[in-house]
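Okay, so here's the structure we're looking at.
The values are calculated or read from the model by the stated rules, or taken from the named source; none is laboratory data. Please read these numbers as outputs of a predicted model, since none were measured by experiment. Cβ: placed from backbone, ideal geometry, glycine included. Neighbour counts: every protein chain shown. When the accessible area is computed, the model is the full protein with side chains, heavy atoms only, and any ligands, DNA or RNA have been set aside. Shrake-Rupley method; radii C 1.70, N 1.55, O 1.52, S 1.80 Å.
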Amino acid sequence: MSIVYLNGRFLPAEQAFIPVFDRGFIFGDGVYEVLPVYGGRPFRLAHHLERLSQSLAGIGLTAPLGADEWSTIIGELIVRHGGGDQSVYLQITRGAAPRDHAFPAHVEPTVFAYTQPLKENPEEVLGRGVRAVTLDDIRWRRCDIKAIALLANVLLRQEAIQRGAAEAILIRDGAVTEGAASNIFVALRGQLVTAPRGPSILPGITRDLILELAAANGIDFAERRLSQEELRQAEEVWMTSSTKEIMPIVELDGKQVGNGTAGSLFWRMHSLFQDYKRRFREGTAG
Ligand code: PDD
């Protein structure tokens with residue numbers, strides 16, 4: 001039976017309940033984080049907690065807990081689920097109050113966290129890659145906030161799946177923003193390119209690590225506007241996230257990307273990423 005954390009208590013998932021007037025349920029009024037855990041240690045914890053602070057500030061919600069408390073809750077969940085590789089989900093909503101769009105005066109935020117096993121993608125799966133389709137980015141203008149209100153992302157990803165693809169690459173004003181649940185990178189004339197930080201994308205923790213690894217290893221990269229036209233010309237396309245790491249996209253809107261398998265820049269970055277993880281498991285990388 002899975003043990004979850006809810007408002008100060010660890011308890012079986014089946015016994016964890018929230019009031020029907022929770023603003024997360026009524027309005028989608030909350031934020032979340034997803035953190036990978038490798039070898040029993042939360043990966044890039046400080047980065048995830050910093051982004052959580054930014055998300056909370058972005059919705060005008062005072063952080064109910066500090067970094068040490070978050071880290072204790074996450075650590076306890078990991079231990080209770082036997083360590084190893086996991087994916088921890090953390091959610092904070094504005095709490096339960098009579099329904100009114102405006103913020104309630106005095107209300108305790110709801111804090112919920114759980115964990116589930118995290119599976120690594122075998123190299124043959126990475127080599128084969130996945131399909132993606134481009135779709136109009138119908139989301140709001142604060143995609144930098146990791147909000148739980150994900151209806152647009154849900155509809156977009158579902159449309160991708162109905163079209164036989166694993167992910168939707170979102171296009172706004174003729175440029176790539178990100179995926180429905182991932183950031184997007186391309187290799188274009190040998191250069192690694194991804195959309196710049198800003199309100200149109202979530203500043204992915206995986207994205208930032210990839211850019212860090214590129215900078216440290218002499219891989220040419222640019223954070224800049226990437227037109228839909230350039231996306232079509234790319235030699236390689238990848239999607240990145242905490243749960244998928246780096247996944248090659250080998251078919252875009254029914255057309256082959258590059259030679260239709262994972263490309264050479266992908267394998268280079270994959271190996272740098274796995275090396276970094278290895279050092280993290282050994283305690284020599286943060
Ligand atoms: N989503 N962009 C969007 C819209 C996302 O939902 C995610 C991740 C990312 C990648 O961010 P990171 O590298 O920090 O995971 C980018 C998570 C995994 C989710 O919603 O489950």
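Please work out which residue is most open to solvent (accessible area, probe 1.4 Å), limiting yourself to segment 87-113 and to residues that are part of a loop (DSSP other than H, G, I, E, B) and hydrophobic (A, V, I, L, M, F, W, C).
PHE103
If you go through segment 39-75 one residue at a time, how many are within 14 Å of the ligand (Cβ to nearest atom), of a type in the set (Gly, Ala, Ser) and farther than 25 Å from ILE3 by Cα? Even if it seems obvious, please write down each step before you answer.
Pass one, segment 39-75, residues within 14 Å of the ligand (Cβ to nearest atom): 42-52, 54-55.
Subset that is of a type in the set (Gly, Ala, Ser): 46, 55.
Then keep just the ones that are farther than 25 Å from ILE3 by Cα; that gives 55.
Within segment 39-75, residues that are within 14 Å of the ligand (Cβ to nearest atom), of a type in the set (Gly, Ala, Ser) and farther than 25 Å from ILE3 by Cα number 1.
May I ask you to list the residues in segment 225-264 that are more than 22 Å from GLN274 (Cβ to Cβ), open to solvent by 50 Å² or more (accessible area, probe 1.4 Å) and not in a loop (DSSP other than H, G, I, E, B)?
Passing the criteria: GLN228, GLU229, ARG232, GLN233, GLU251, LYS255, GLN256.
Specify which of the listed residues (GLU235, GLU251, GLU245) is assigned by TED's automatic domain parsing to the domain that holds ASP136, within 15 Å of the ligand (Cβ to nearest atom) and not aliphatic (A, V, I, L, M).
GLU245
Here is a list of conditions, (1) over 17 Å from ARG225 (Cβ atoms); (2) touching a residue at least 40 places away in the same chain (Cβ under 8 Å); (3) within 13 Å of the ligand (Cβ to nearest atom); (4) of a type in the set (Val, Ile, Thr), and VAL130 meets all of them except one; can you say which number that is?
Tallying (1) over 17 Å from ARG225 (Cβ atoms); (2) touching a residue at least 40 places away in the same chain (Cβ under 8 Å); (3) within 13 Å of the ligand (Cβ to nearest atom); (4) of a type in the set (Val, Ile, Thr), VAL130 fails exactly one: (3).
Would you mind finding the one in ARG131, ARG142 that is in the same structural domain as ALA262 (by TED's automatic domain parsing) and part of a strand (DSSP E or B)?
On the way: ARG142 fails: part of a strand (DSSP E or B).
It is ARG131.
Give me a count of the residues in segment 187-224 that are open to solvent by less than 50 Å² (accessible area, probe 1.4 Å), in a strand (DSSP E or B) and of a type outside the set (S, T, N, Q).
Count: 5.
Hey, among the residues in segment 146-178 that are in a loop (DSSP other than H, G, I, E, B) and within 14 Å of the ligand (Cβ to nearest atom), which one's surrounded by the most Cβ atoms within 10 Å (Cβ to Cβ)?
LYS146
Regarding GLY286, is this residue on the phi > 0 side of the Ramachandran plot, in a loop (DSSP other than H, G, I, E, B) and among the small types (Gly, Ala, Ser)?
So GLY286 fails the test.
So, in segment 4-35, exactly how many residues are in a strand (DSSP E or B) and more than 23 Å from the chain's Cα centre (by Cα)? Reasoning before the result, please.
Of all residues in segment 4-35, those in a strand (DSSP E or B) come to 4-6, 9-12, 22, 30-35.
Still in the list and also more than 23 Å from the chain's Cα centre (by Cα): 9-12, 22.
Summing the residues that are in a strand (DSSP E or B) and more than 23 Å from the chain's Cα centre (by Cα) in segment 4-35 gives 5.
If a residue must be open to solvent by less than 40 Å² (accessible area, probe 1.4 Å) and without any contact (Cβ under 8 Å) to a residue 12 or more places away in the chain, how many such residues does segment 28-78 contain?
Looking only at that region, the number is 1.
Give me the pairs: first residue in segment 223-236 and hydroxyl-bearing (Ser, Thr, Tyr), second residue outside any loop (DSSP other than H, G, I, E, B), beta-carbon distance under 8 Å, and six or more apart or on different chains, which are they?
SER227/ALA175; SER227/VAL176
Does ALA181 satisfy the condition of being under 28 Å from GLN274 (Cβ atoms) and away from the ligand (no atom under 16 Å from the Cβ)?
no
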